[in-house]
Amino acid sequence: MSEEPTANGAGDDDTGNEGVVRRERFSGGPARGFLSSLAADRRIFAADLAVDRAHVVMLAEQDIVDDGTAGEILTALEEIEDAGHDALPDGEDVHEAIETAVIDRVGLDGGRMHTARSRNDEVATCIRYRLREDLLDAIETTLEARGALIETAEAERETVMPGFTHLQPAQPTTVAHWALSYERALARETARLIDAYDRTNQSPLGAAAFAGTPFDVERERTAALLGFAGTMDNAMDAVSARDFLVESTAALATLATTLSGLAEDIVIYANKGFVEVDDAYASTSSIMPQKKNPDTLELVRARAGDAAAGLNGLLNTLKGLPRAYNRDLQRAGGHAWRAIDGVSEATEVAAGAIATADWNDEALAAAAGEGFSTATGVADALAMAGVPFRTAHEVVASTAEAAGDDGDFEALDAAARDVLDASLTEYVDRQTIESALDPGQSVASRDSAGGPAPEAVADQIAAARTDHDADSDTLAERRAAIADAVESLQAEVETYV
Ligand code: ARG
(Lines give C-alpha, C1' and ligand atoms only; values in the text may rest on other atoms or scores of the structure.)
Protein backbone atom coordinates (compact mmCIF):
# COMPACT_ATOMS: atom_id res chain seq x y z
CA MET A 1 0.00 0.00 0.00
CA SER A 2 1.52 3.36 -0.93
CA GLU A 3 2.02 5.85 1.85
CA GLU A 4 2.64 9.07 -0.08
CA PRO A 5 -0.08 11.62 0.47
CA THR A 6 -0.79 11.66 -3.26
CA ALA A 7 -4.48 11.42 -3.64
CA ASN A 8 -6.67 12.56 -0.77
CA GLY A 9 -3.66 13.58 1.25
CA ALA A 10 -4.53 10.66 3.48
CA GLY A 11 -1.15 9.49 4.67
CA ASP A 12 -0.27 7.45 7.71
CA ASP A 13 -1.32 9.22 10.88
CA ASP A 14 -1.76 8.10 14.42
CA THR A 15 -5.39 9.11 14.71
CA GLY A 16 -6.52 5.85 13.10
CA ASN A 17 -9.59 6.29 10.91
CA GLU A 18 -11.16 9.02 13.02
CA GLY A 19 -9.90 11.81 10.80
CA VAL A 20 -11.90 10.58 7.83
CA VAL A 21 -15.31 10.92 9.46
CA ARG A 22 -15.13 14.52 8.33
CA ARG A 23 -18.74 15.14 7.57
CA GLU A 24 -19.64 14.93 11.25
CA ARG A 25 -18.62 18.58 11.28
CA PHE A 26 -21.89 19.55 9.69
CA SER A 27 -24.27 16.66 9.41
CA GLY A 28 -24.42 15.27 12.93
CA GLY A 29 -27.32 17.33 14.25
CA PRO A 30 -31.07 16.96 14.38
CA ALA A 31 -31.36 17.30 10.60
CA ARG A 32 -29.24 14.21 10.02
CA GLY A 33 -32.21 12.07 9.02
CA PHE A 34 -33.62 14.85 6.89
CA LEU A 35 -30.35 15.13 4.99
CA SER A 36 -29.90 11.42 4.49
CA SER A 37 -30.97 9.55 1.38
CA LEU A 38 -29.37 6.30 2.52
CA ALA A 39 -32.61 4.30 2.75
CA ALA A 40 -33.86 5.42 -0.66
CA ASP A 41 -30.42 4.86 -2.13
CA ARG A 42 -30.95 1.10 -1.83
CA ARG A 43 -32.07 1.40 -5.42
CA ILE A 44 -28.60 2.51 -6.51
CA PHE A 45 -26.53 0.34 -4.13
CA ALA A 46 -25.42 -2.06 -6.89
CA ALA A 47 -24.92 0.84 -9.30
CA ASP A 48 -22.68 2.62 -6.82
CA LEU A 49 -20.53 -0.48 -6.39
CA ALA A 50 -20.13 -0.75 -10.16
CA VAL A 51 -19.27 2.95 -10.43
CA ASP A 52 -16.74 2.62 -7.60
CA ARG A 53 -15.14 -0.39 -9.29
CA ALA A 54 -14.84 1.27 -12.69
CA HIS A 55 -13.42 4.40 -11.09
CA VAL A 56 -10.84 2.49 -9.04
CA VAL A 57 -9.75 0.41 -12.04
CA MET A 58 -9.27 3.63 -14.03
CA LEU A 59 -7.38 5.29 -11.16
CA ALA A 60 -5.02 2.30 -11.05
CA GLU A 61 -4.55 2.25 -14.82
CA GLN A 62 -3.72 5.96 -14.72
CA ASP A 63 -1.27 5.41 -11.81
CA ILE A 64 -3.35 7.71 -9.65
CA VAL A 65 -3.57 4.91 -7.07
CA ASP A 66 -1.16 1.99 -6.96
CA ASP A 67 -2.33 -1.48 -7.92
CA GLY A 68 -2.03 -2.82 -4.38
CA THR A 69 -4.32 -0.18 -2.95
CA ALA A 70 -6.73 -0.66 -5.84
CA GLY A 71 -6.79 -4.37 -5.07
CA GLU A 72 -7.57 -3.75 -1.41
CA ILE A 73 -10.34 -1.32 -2.23
CA LEU A 74 -11.82 -3.67 -4.83
CA THR A 75 -11.71 -6.56 -2.36
CA ALA A 76 -13.46 -4.41 0.22
CA LEU A 77 -16.13 -3.55 -2.34
CA GLU A 78 -16.78 -7.27 -2.87
CA GLU A 79 -17.26 -7.79 0.84
CA ILE A 80 -19.54 -4.77 1.01
CA GLU A 81 -21.59 -6.12 -1.85
CA ASP A 82 -21.92 -9.52 -0.18
CA ALA A 83 -22.97 -7.92 3.10
CA GLY A 84 -25.66 -5.93 1.29
CA HIS A 85 -27.17 -2.49 1.63
CA ASP A 86 -28.58 -3.17 5.10
CA ALA A 87 -25.11 -3.81 6.49
CA LEU A 88 -23.78 -0.39 5.47
CA PRO A 89 -22.60 1.94 8.19
CA ASP A 90 -24.59 5.12 8.77
CA GLY A 91 -24.06 7.84 6.21
CA GLU A 92 -25.62 10.77 4.47
CA ASP A 93 -26.08 8.65 1.39
CA VAL A 94 -25.02 5.36 -0.13
CA HIS A 95 -21.87 6.91 -1.59
CA GLU A 96 -20.65 8.11 1.78
CA ALA A 97 -21.68 4.88 3.53
CA ILE A 98 -19.86 2.68 1.02
CA GLU A 99 -16.76 4.85 1.27
CA THR A 100 -16.87 4.60 5.06
CA ALA A 101 -17.26 0.83 4.78
CA VAL A 102 -14.22 0.70 2.47
CA ILE A 103 -12.15 2.78 4.87
CA ASP A 104 -13.31 0.58 7.78
CA ARG A 105 -11.83 -2.41 5.94
CA VAL A 106 -8.80 -0.94 4.17
CA GLY A 107 -7.76 1.85 6.51
CA LEU A 108 -7.02 5.39 5.45
CA ASP A 109 -5.85 4.28 2.02
CA GLY A 110 -9.47 3.36 1.35
CA GLY A 111 -10.04 7.11 1.15
CA ARG A 112 -8.11 7.12 -2.13
CA MET A 113 -11.22 5.68 -3.81
CA HIS A 114 -12.79 9.14 -3.87
CA THR A 115 -9.82 10.72 -5.66
CA ALA A 116 -10.71 12.76 -8.74
CA ARG A 117 -14.45 12.55 -8.34
CA SER A 118 -17.26 13.96 -6.24
CA ARG A 119 -20.55 12.58 -5.04
CA ASN A 120 -22.08 14.91 -7.60
CA ASP A 121 -20.73 13.09 -10.65
CA GLU A 122 -20.96 9.82 -8.75
CA VAL A 123 -24.68 10.06 -7.99
CA ALA A 124 -25.54 11.25 -11.49
CA THR A 125 -23.66 8.25 -12.89
CA CYS A 126 -25.36 5.84 -10.48
CA ILE A 127 -28.84 7.08 -11.36
CA ARG A 128 -28.14 6.76 -15.08
CA TYR A 129 -26.61 3.32 -14.60
CA ARG A 130 -29.63 2.03 -12.69
CA LEU A 131 -32.24 3.78 -14.80
CA ARG A 132 -30.84 2.13 -17.92
CA GLU A 133 -31.83 -1.29 -16.63
CA ASP A 134 -35.24 -0.07 -15.55
CA LEU A 135 -35.84 1.54 -18.92
CA LEU A 136 -34.94 -1.68 -20.69
CA ASP A 137 -37.41 -3.55 -18.49
CA ALA A 138 -40.06 -0.94 -19.27
CA ILE A 139 -39.31 -1.29 -22.99
CA GLU A 140 -39.76 -5.03 -22.64
CA THR A 141 -43.20 -4.57 -21.08
CA THR A 142 -44.28 -2.42 -24.04
CA LEU A 143 -43.14 -5.21 -26.36
CA GLU A 144 -45.20 -7.72 -24.36
CA ALA A 145 -48.28 -5.53 -24.62
CA ARG A 146 -47.71 -5.02 -28.34
CA GLY A 147 -47.30 -8.77 -28.78
CA ALA A 148 -50.61 -9.39 -27.02
CA LEU A 149 -52.35 -6.81 -29.21
CA ILE A 150 -50.88 -8.29 -32.40
CA GLU A 151 -52.11 -11.75 -31.38
CA THR A 152 -55.55 -10.31 -30.65
CA ALA A 153 -55.56 -8.65 -34.07
CA GLU A 154 -54.56 -11.94 -35.72
CA ALA A 155 -57.28 -13.89 -33.90
CA GLU A 156 -60.02 -11.26 -34.33
CA ARG A 157 -59.34 -10.09 -37.88
CA GLU A 158 -62.92 -10.68 -38.93
CA THR A 159 -64.62 -9.94 -35.64
CA VAL A 160 -66.90 -7.05 -36.50
CA MET A 161 -67.55 -4.60 -33.70
CA PRO A 162 -69.08 -1.16 -33.31
CA GLY A 163 -66.66 1.74 -33.52
CA PHE A 164 -67.42 4.85 -31.51
CA THR A 165 -66.87 8.58 -31.60
CA HIS A 166 -68.11 10.61 -28.64
CA LEU A 167 -68.95 7.16 -27.25
CA GLN A 168 -71.83 7.06 -29.76
CA PRO A 169 -72.08 4.29 -32.38
CA ALA A 170 -70.16 5.64 -35.38
CA GLN A 171 -69.05 3.05 -37.94
CA PRO A 172 -68.55 -0.70 -37.79
CA THR A 173 -64.94 -1.82 -37.45
CA THR A 174 -63.19 -4.95 -36.15
CA VAL A 175 -61.58 -5.97 -32.89
CA ALA A 176 -58.34 -6.38 -34.87
CA HIS A 177 -58.49 -2.78 -36.06
CA TRP A 178 -59.14 -1.59 -32.51
CA ALA A 179 -56.25 -3.70 -31.14
CA LEU A 180 -53.84 -2.43 -33.78
CA SER A 181 -54.79 1.15 -33.00
CA TYR A 182 -53.26 0.63 -29.54
CA GLU A 183 -50.38 -1.43 -30.89
CA ARG A 184 -49.35 1.48 -33.11
CA ALA A 185 -49.57 3.89 -30.19
CA LEU A 186 -47.50 1.56 -28.02
CA ALA A 187 -44.89 1.25 -30.77
CA ARG A 188 -44.35 4.99 -30.36
CA GLU A 189 -44.13 4.52 -26.58
CA THR A 190 -41.39 1.97 -27.15
CA ALA A 191 -39.60 4.42 -29.45
CA ARG A 192 -39.83 7.22 -26.88
CA LEU A 193 -38.39 4.96 -24.19
CA ILE A 194 -35.53 3.89 -26.48
CA ASP A 195 -34.79 7.57 -27.18
CA ALA A 196 -34.80 8.31 -23.46
CA TYR A 197 -32.50 5.33 -22.94
CA ASP A 198 -29.97 6.55 -25.47
CA ARG A 199 -29.74 9.98 -23.85
CA THR A 200 -29.58 8.41 -20.38
CA ASN A 201 -26.73 6.19 -21.52
CA GLN A 202 -24.00 8.86 -21.28
CA SER A 203 -21.46 9.00 -18.47
CA PRO A 204 -21.06 12.04 -16.20
CA LEU A 205 -18.25 10.32 -14.24
CA GLY A 206 -15.04 12.34 -14.03
CA ALA A 207 -16.85 15.67 -13.99
CA ALA A 208 -16.05 15.76 -10.24
CA ALA A 209 -18.02 18.39 -8.29
CA PHE A 210 -18.80 20.22 -11.57
CA ALA A 211 -15.49 21.82 -12.41
CA GLY A 212 -13.31 18.96 -13.53
CA THR A 213 -10.19 17.66 -11.80
CA PRO A 214 -6.43 18.15 -12.10
CA PHE A 215 -5.93 14.37 -12.06
CA ASP A 216 -5.24 12.69 -15.36
CA VAL A 217 -8.54 10.80 -15.47
CA GLU A 218 -9.64 8.79 -18.47
CA ARG A 219 -13.36 9.47 -18.65
CA GLU A 220 -13.88 7.37 -21.77
CA ARG A 221 -12.43 4.41 -19.91
CA THR A 222 -14.84 4.56 -16.97
CA ALA A 223 -17.69 5.15 -19.41
CA ALA A 224 -16.72 2.02 -21.35
CA LEU A 225 -16.24 -0.06 -18.20
CA LEU A 226 -19.77 0.87 -17.18
CA GLY A 227 -21.23 0.23 -20.63
CA PHE A 228 -22.09 3.86 -21.38
CA ALA A 229 -22.11 4.83 -25.04
CA GLY A 230 -20.08 7.98 -24.34
CA THR A 231 -19.26 10.73 -21.87
CA MET A 232 -20.99 14.02 -21.20
CA ASP A 233 -18.96 16.82 -22.76
CA ASN A 234 -19.29 19.52 -20.15
CA ALA A 235 -18.57 18.80 -16.49
CA MET A 236 -21.00 21.42 -15.19
CA ASP A 237 -23.78 20.01 -17.36
CA ALA A 238 -22.82 16.47 -16.39
CA VAL A 239 -23.60 16.96 -12.68
CA SER A 240 -26.54 19.35 -13.15
CA ALA A 241 -28.51 17.58 -15.85
CA ARG A 242 -31.58 15.63 -14.87
CA ASP A 243 -33.43 16.10 -18.14
CA PHE A 244 -32.84 12.39 -18.75
CA LEU A 245 -35.11 11.78 -15.75
CA VAL A 246 -37.71 14.18 -17.12
CA GLU A 247 -37.59 12.57 -20.52
CA SER A 248 -37.87 9.07 -19.11
CA THR A 249 -40.68 10.02 -16.74
CA ALA A 250 -42.48 11.88 -19.52
CA ALA A 251 -42.21 8.82 -21.77
CA LEU A 252 -43.65 6.71 -18.95
CA ALA A 253 -46.46 9.18 -18.28
CA THR A 254 -47.30 9.17 -21.99
CA LEU A 255 -47.28 5.39 -22.01
CA ALA A 256 -49.53 5.33 -18.94
CA THR A 257 -51.91 7.77 -20.62
CA THR A 258 -52.15 5.55 -23.70
CA LEU A 259 -52.79 2.53 -21.50
CA SER A 260 -55.45 4.40 -19.55
CA GLY A 261 -57.42 4.79 -22.78
CA LEU A 262 -57.05 1.13 -23.58
CA ALA A 263 -58.12 0.21 -20.05
CA GLU A 264 -61.13 2.51 -20.29
CA ASP A 265 -62.18 0.91 -23.59
CA ILE A 266 -62.04 -2.55 -22.04
CA VAL A 267 -63.99 -1.37 -18.99
CA ILE A 268 -66.69 0.01 -21.31
CA TYR A 269 -66.68 -3.08 -23.55
CA ALA A 270 -66.96 -5.33 -20.51
CA ASN A 271 -69.92 -3.26 -19.38
CA LYS A 272 -71.60 -3.81 -22.76
CA GLY A 273 -70.85 -7.54 -22.75
CA PHE A 274 -68.49 -7.23 -25.73
CA VAL A 275 -65.55 -8.73 -23.87
CA GLU A 276 -64.99 -10.75 -20.73
CA VAL A 277 -61.86 -10.08 -18.74
CA ASP A 278 -60.25 -13.29 -17.50
CA ASP A 279 -60.86 -14.17 -13.83
CA ALA A 280 -57.18 -13.57 -13.13
CA TYR A 281 -57.64 -9.92 -14.11
CA ALA A 282 -61.01 -9.38 -12.47
CA SER A 283 -62.21 -8.97 -8.94
CA THR A 284 -65.49 -9.40 -7.15
CA SER A 285 -67.54 -7.54 -4.58
CA SER A 286 -67.47 -8.24 -0.86
CA ILE A 287 -71.27 -7.96 -0.75
CA MET A 288 -72.66 -8.53 -4.26
CA PRO A 289 -71.88 -12.17 -5.00
CA GLN A 290 -72.67 -11.99 -8.72
CA LYS A 291 -70.17 -9.23 -9.47
CA LYS A 292 -67.16 -9.61 -11.72
CA ASN A 293 -65.41 -6.31 -12.11
CA PRO A 294 -62.54 -5.35 -14.42
CA ASP A 295 -60.62 -3.86 -11.48
CA THR A 296 -57.14 -4.47 -12.83
CA LEU A 297 -57.92 -2.25 -15.80
CA GLU A 298 -59.34 0.43 -13.56
CA LEU A 299 -56.06 0.38 -11.68
CA VAL A 300 -54.12 0.53 -14.95
CA ARG A 301 -56.22 3.61 -15.76
CA ALA A 302 -55.38 5.13 -12.36
CA ARG A 303 -51.63 4.61 -12.76
CA ALA A 304 -51.71 7.34 -15.40
CA GLY A 305 -52.61 9.76 -12.63
CA ASP A 306 -49.65 8.63 -10.53
CA ALA A 307 -47.28 8.96 -13.47
CA ALA A 308 -48.53 12.42 -14.43
CA ALA A 309 -48.15 13.50 -10.80
CA GLY A 310 -44.60 12.14 -10.78
CA LEU A 311 -43.71 14.07 -13.90
CA ASN A 312 -45.21 17.20 -12.41
CA GLY A 313 -43.31 16.68 -9.14
CA LEU A 314 -40.06 16.13 -10.97
CA LEU A 315 -40.41 19.22 -13.18
CA ASN A 316 -41.27 21.34 -10.17
CA THR A 317 -38.29 20.02 -8.24
CA LEU A 318 -35.97 20.93 -11.10
CA LYS A 319 -37.53 24.25 -12.05
CA GLY A 320 -35.30 27.22 -11.39
CA LEU A 321 -32.36 25.28 -9.96
CA PRO A 322 -29.18 27.24 -10.51
CA ARG A 323 -25.95 25.69 -11.74
CA ALA A 324 -24.38 23.45 -10.66
CA TYR A 325 -25.27 20.87 -8.00
CA ASN A 326 -28.03 21.58 -5.49
CA ARG A 327 -29.30 19.18 -2.90
CA ASP A 328 -32.81 19.42 -4.32
CA LEU A 329 -31.52 16.93 -6.86
CA GLN A 330 -31.57 14.27 -4.17
CA ARG A 331 -35.38 14.44 -4.38
CA ALA A 332 -35.51 14.08 -8.17
CA GLY A 333 -34.82 10.38 -8.57
CA GLY A 334 -37.77 9.21 -6.47
CA HIS A 335 -40.28 10.62 -8.93
CA ALA A 336 -38.70 8.68 -11.75
CA TRP A 337 -38.35 5.43 -9.77
CA ARG A 338 -42.00 5.50 -8.72
CA ALA A 339 -43.08 6.22 -12.29
CA ILE A 340 -41.01 3.44 -13.76
CA ASP A 341 -42.21 0.88 -11.23
CA GLY A 342 -45.84 1.92 -11.41
CA VAL A 343 -46.07 2.18 -15.17
CA SER A 344 -44.06 -0.96 -15.95
CA GLU A 345 -46.30 -2.97 -13.67
CA ALA A 346 -49.41 -1.45 -15.24
CA THR A 347 -48.10 -2.28 -18.71
CA GLU A 348 -47.51 -5.91 -17.75
CA VAL A 349 -50.97 -6.21 -16.24
CA ALA A 350 -52.56 -4.63 -19.31
CA ALA A 351 -50.63 -7.04 -21.54
CA GLY A 352 -51.91 -9.99 -19.52
CA ALA A 353 -55.49 -8.74 -19.50
CA ILE A 354 -55.44 -8.32 -23.29
CA ALA A 355 -53.82 -11.68 -23.91
CA THR A 356 -56.49 -13.50 -21.86
CA ALA A 357 -59.58 -11.45 -22.76
CA ASP A 358 -62.49 -13.30 -24.31
CA TRP A 359 -64.21 -11.37 -27.10
CA ASN A 360 -67.90 -12.06 -27.55
CA ASP A 361 -68.31 -12.23 -31.35
CA GLU A 362 -72.09 -12.44 -31.23
CA ALA A 363 -72.65 -9.50 -28.93
CA LEU A 364 -70.17 -7.48 -30.98
CA ALA A 365 -71.82 -8.38 -34.29
CA ALA A 366 -75.28 -7.58 -32.93
CA ALA A 367 -74.09 -4.20 -31.70
CA ALA A 368 -72.04 -3.40 -34.80
CA GLY A 369 -75.02 -2.22 -36.83
CA GLU A 370 -76.81 -0.42 -34.01
CA GLY A 371 -77.47 3.29 -34.22
CA PHE A 372 -77.55 3.20 -38.05
CA SER A 373 -73.76 2.85 -37.90
CA THR A 374 -73.59 1.93 -41.59
CA ALA A 375 -74.98 5.35 -42.60
CA THR A 376 -71.60 6.69 -43.71
CA GLY A 377 -71.10 3.66 -45.94
CA VAL A 378 -74.45 4.28 -47.63
CA ALA A 379 -73.52 7.91 -48.26
CA ASP A 380 -70.18 6.70 -49.64
CA ALA A 381 -72.00 4.28 -51.97
CA LEU A 382 -74.22 7.09 -53.30
CA ALA A 383 -71.22 9.36 -53.75
CA MET A 384 -69.38 6.58 -55.57
CA ALA A 385 -72.39 6.41 -57.92
CA GLY A 386 -71.96 10.09 -58.78
CA VAL A 387 -74.09 11.92 -56.20
CA PRO A 388 -72.10 14.79 -54.65
CA PHE A 389 -71.04 13.65 -51.18
CA ARG A 390 -72.81 16.50 -49.39
CA THR A 391 -76.07 15.61 -51.17
CA ALA A 392 -75.60 11.92 -50.40
CA HIS A 393 -74.97 12.89 -46.77
CA GLU A 394 -78.27 14.72 -46.75
CA VAL A 395 -80.21 11.77 -48.17
CA VAL A 396 -78.86 9.53 -45.43
CA ALA A 397 -79.23 12.19 -42.73
CA SER A 398 -82.91 12.68 -43.53
CA THR A 399 -83.34 8.89 -43.54
CA ALA A 400 -81.81 8.78 -40.07
CA GLU A 401 -84.09 11.53 -38.91
CA ALA A 402 -87.21 9.83 -40.26
CA ALA A 403 -86.39 6.19 -39.54
CA GLY A 404 -84.03 6.47 -36.58
CA ASP A 405 -81.88 3.41 -36.20
CA ASP A 406 -83.88 1.43 -38.77
CA GLY A 407 -82.42 3.00 -41.87
CA ASP A 408 -83.24 0.36 -44.47
CA PHE A 409 -83.58 0.45 -48.25
CA GLU A 410 -87.20 1.64 -48.17
CA ALA A 411 -86.47 4.49 -45.80
CA LEU A 412 -83.48 5.52 -47.91
CA ASP A 413 -85.51 5.40 -51.08
CA ALA A 414 -88.18 7.64 -49.53
CA ALA A 415 -85.50 10.12 -48.50
CA ALA A 416 -83.97 10.02 -51.99
CA ARG A 417 -87.32 10.90 -53.55
CA ASP A 418 -87.50 13.80 -51.16
CA VAL A 419 -83.98 15.14 -51.52
CA LEU A 420 -83.04 14.04 -55.05
CA ASP A 421 -86.47 13.98 -56.59
CA ALA A 422 -85.64 10.52 -57.89
CA SER A 423 -85.68 6.91 -56.84
CA LEU A 424 -82.51 5.60 -55.24
CA THR A 425 -82.28 2.91 -57.93
CA GLU A 426 -81.62 5.59 -60.52
CA TYR A 427 -78.19 5.86 -58.93
CA VAL A 428 -77.42 2.49 -57.37
CA ASP A 429 -78.93 -0.95 -57.41
CA ARG A 430 -80.63 -2.34 -54.37
CA GLN A 431 -77.87 -4.88 -53.84
CA THR A 432 -75.25 -2.13 -53.43
CA ILE A 433 -77.37 -0.45 -50.77
CA GLU A 434 -78.11 -3.71 -48.95
CA SER A 435 -74.41 -4.46 -48.89
CA ALA A 436 -73.56 -0.99 -47.56
CA LEU A 437 -76.13 -1.56 -44.81
CA ASP A 438 -74.48 -4.82 -43.71
CA PRO A 439 -71.88 -4.20 -40.98
CA GLY A 440 -69.55 -6.98 -42.17
CA GLN A 441 -69.65 -5.84 -45.78
CA SER A 442 -69.33 -2.27 -44.67
CA VAL A 443 -66.06 -3.18 -42.91
CA ALA A 444 -64.87 -5.21 -45.90
CA SER A 445 -65.43 -2.23 -48.22
CA ARG A 446 -63.11 0.02 -46.21
CA ASP A 447 -59.87 -1.43 -47.47
CA SER A 448 -57.88 1.80 -47.74
CA ALA A 449 -54.44 1.66 -46.11
CA GLY A 450 -54.92 1.64 -42.34
CA GLY A 451 -58.57 0.69 -42.66
CA PRO A 452 -60.45 -2.18 -40.98
CA ALA A 453 -61.01 -4.46 -44.01
CA PRO A 454 -59.34 -7.80 -43.26
CA GLU A 455 -56.75 -7.37 -46.09
CA ALA A 456 -55.86 -3.88 -44.87
CA VAL A 457 -55.53 -5.25 -41.36
CA ALA A 458 -53.30 -8.06 -42.60
CA ASP A 459 -50.86 -5.42 -43.92
CA GLN A 460 -50.97 -3.60 -40.60
CA ILE A 461 -50.29 -6.83 -38.72
CA ALA A 462 -47.29 -7.53 -40.95
CA ALA A 463 -45.91 -4.02 -40.36
CA ALA A 464 -46.51 -4.33 -36.62
CA ARG A 465 -44.64 -7.65 -36.52
CA THR A 466 -41.69 -6.16 -38.44
CA ASP A 467 -41.49 -3.22 -36.03
CA HIS A 468 -41.85 -5.52 -33.03
CA ASP A 469 -38.94 -7.64 -34.26
CA ALA A 470 -36.77 -4.56 -34.88
CA ASP A 471 -37.49 -3.14 -31.44
CA SER A 472 -36.84 -6.53 -29.84
CA ASP A 473 -33.44 -6.55 -31.59
CA THR A 474 -32.70 -3.05 -30.31
CA LEU A 475 -33.59 -4.17 -26.79
CA ALA A 476 -31.38 -7.24 -27.09
CA GLU A 477 -28.46 -5.09 -28.36
CA ARG A 478 -28.78 -2.65 -25.47
CA ARG A 479 -28.96 -5.51 -22.98
CA ALA A 480 -25.95 -7.22 -24.55
CA ALA A 481 -23.88 -4.02 -24.37
CA ILE A 482 -24.58 -3.79 -20.63
CA ALA A 483 -23.88 -7.49 -20.07
CA ASP A 484 -20.56 -7.19 -21.93
CA ALA A 485 -19.57 -4.20 -19.81
CA VAL A 486 -20.48 -6.01 -16.59
CA GLU A 487 -18.35 -8.94 -17.67
CA SER A 488 -15.36 -6.88 -18.72
CA LEU A 489 -15.48 -4.76 -15.57
CA GLN A 490 -15.53 -7.94 -13.50
CA ALA A 491 -12.55 -9.29 -15.47
CA GLU A 492 -10.61 -6.06 -14.82
CA VAL A 493 -11.48 -6.16 -11.12
CA GLU A 494 -10.22 -9.73 -10.89
CA THR A 495 -6.76 -8.67 -12.10
CA TYR A 496 -6.42 -6.58 -8.92
CA VAL A 497 -8.00 -8.70 -6.20
N1 ARG B 1 -27.02 12.12 -2.10
C2 ARG B 1 -26.87 13.20 -3.01
C3 ARG B 1 -27.87 13.06 -4.16
O4 ARG B 1 -28.52 12.09 -4.23
C5 ARG B 1 -25.51 13.27 -3.56
C6 ARG B 1 -24.65 13.98 -2.60
C7 ARG B 1 -24.11 15.21 -3.10
N8 ARG B 1 -24.07 16.01 -1.95
C9 ARG B 1 -23.49 17.19 -1.87
N10 ARG B 1 -23.54 17.79 -0.74
N11 ARG B 1 -22.89 17.74 -2.87
O12 ARG B 1 -28.00 13.93 -4.97
Notebook entry, point to check: How much accessible surface area, in Å² rounded to 10, belongs to the heavy atoms of residue 359 with a 1.4 Å probe?
Noted result: 20 Å²
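Going by the alpha-carbon gyration tensor, a ≥ b ≥ c the square roots of its eigenvalues, is the stretch 141-214 rounded (a/c under 1.5) or, if a/c is not under 1.5, prolate (a/b greater than b/c) versus oblate? All intermediate terms of the calculation are to be shown ahead of the outcome.
Working: a/c = 7.77, a/b = 3.25, b/c = 2.39.
Since a/c reaches 1.5 and a/b is larger than b/c, the shape of the stretch 141-214 is classed as prolate.
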Next item on the list: Could you work out the mean projected area of the convex hull around the alpha carbons of the chain, in square nanometres to one decimal?
Entry: 30.1 nm²
Notebook entry, point to check: If you find the alpha carbon centre of the stretch 280-356 and of the stretch 32-71, how far apart are they in angstrom?
Noted result: 31 Å
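Using the Cα centre as the reference, give the magnitude of the dipole from point charges on the C-beta atoms of the chain (Lys, Arg: +1; Asp, Glu: -1; all else neutral), rounded to the nearest 20 debye. It would help to have the intermediate numbers written out before the result.
On the way: 40 positive and 91 negative charges, 335 e Å.
I would put it at about 1600 debye.
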Next item on the list: In whole Hz, with x marking every Gly and Pro, tabulate ³J(HN,Hα) for the stretch 360-367 from phi via Karplus 6.51 cos²θ - 1.76 cosθ + 1.60, θ = phi - 60°.
Entry: 9, 3, 5, 5, 5, 5, 4, 7
Next item on the list: Label the stretch 262-408 by shape, choosing from rounded, prolate and oblate, from the square roots a ≥ b ≥ c of the eigenvalues of the Cα gyration tensor; if a/c is under 1.5 it is rounded, and otherwise prolate applies when a/b is larger than b/c, oblate when it is not.
Entry: oblate
Check: Size of the stretch 356-483 along its principal axes in angstrom, Cα-based, largest extent first?
Finding: 75, 32, 22
Checklist line | Accessible surface of residue 272 - all protein chains present, 1.4 Å probe, nearest 10 Å² | finding: 90 Å²
Margin query: Quick check for me: using +1 on Lys/Arg Cβ and -1 on Asp/Glu Cβ, what's the dipole size of the stretch 235-319 about its Cα centre, in debye to the nearest 20?
Written below: 220 debye
Note to self: Out of the total accessible area of the chain (probe 1.4 Å, heavy atoms of protein only), what percent is carbon and sulfur?
What the structure shows: 50 percent
Checklist line | Proximal aspartates and glutamates to residue 292, defined as alpha-carbon separation beneath 18 angstrom and excluding residues fewer than eight positions away on the same chain | finding: 264, 265, 276, 278, 279, 358
Check: What FRET efficiency, computed as 1/(1 + (r/R0)^6) with R0 = 51 Å and r the Cβ-Cβ distance, is obtained for residue 216 and residue 472, rounded to the nearest 0.05?
Finding: 0.75
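How would 135, 35 rank on accessible area, largest to smallest, probe 1.4 Å? Display every interim value, and only then the final one.
On the way: 135 0, 35 55 Å².
Largest accessible area first, the residues go 35, 135.
Given only helices, namely DSSP H runs of n ≥ 4 each adding -39500 (n - 2.57), what is the per-residue ellipticity at 222 nm of the chain, to the nearest 500 deg cm²/dmol?
-20500 deg cm²/dmol
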Checklist line | Selection from 289, 420, 384, by position along the positive dipole direction of the chain (Cβ) | finding: 420
Notebook entry, point to check: Accessible surface of residue 318 in the full protein assembly, 1.4 angstrom probe, to the nearest 10 Å²?
Noted result: 40 Å²
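The stretch 333-424: which GluC sites (Glu not before Pro) are DSSP loop and have at most 13 other beta-carbon atoms within 10 angstrom? Present the calculation step by step, with values, prior to reporting the outcome.
Numbers: sites: 345, 348, 362, 370, 394, 401, 410; in loops: 370.
Sparse-neighbourhood loop GluC sites (Glu not before Pro): 370.
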Next item on the list: With θ set to phi - 60°, apply the Karplus curve 6.51 cos²θ - 1.76 cosθ + 1.60 along the stretch 182-189 and write out the HN-Hα couplings as whole Hz, x wherever there is a Gly or Pro.
Entry: 7, 4, 5, 5, 5, 5, 6, 5
Notebook entry, point to check: Per residue, what accessible area does the chain have, given a 1.4 Å probe and all protein chains present, in Å²?
Noted result: 44 Å²
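The values are calculated or read from the model by the stated rules, or taken from the named source; none is laboratory data. Small disclaimer: the values here were computed from a predicted structure and weren't measured. All Cβ positions, even for glycine, are placed from backbone atoms using ideal geometry, and neighbour counts span all protein chains on display. Just the protein is used for accessible areas: all its heavy atoms, side chains included, with ligands, DNA and RNA removed. Shrake-Rupley method; radii C 1.70, N 1.55, O 1.52, S 1.80 Å.
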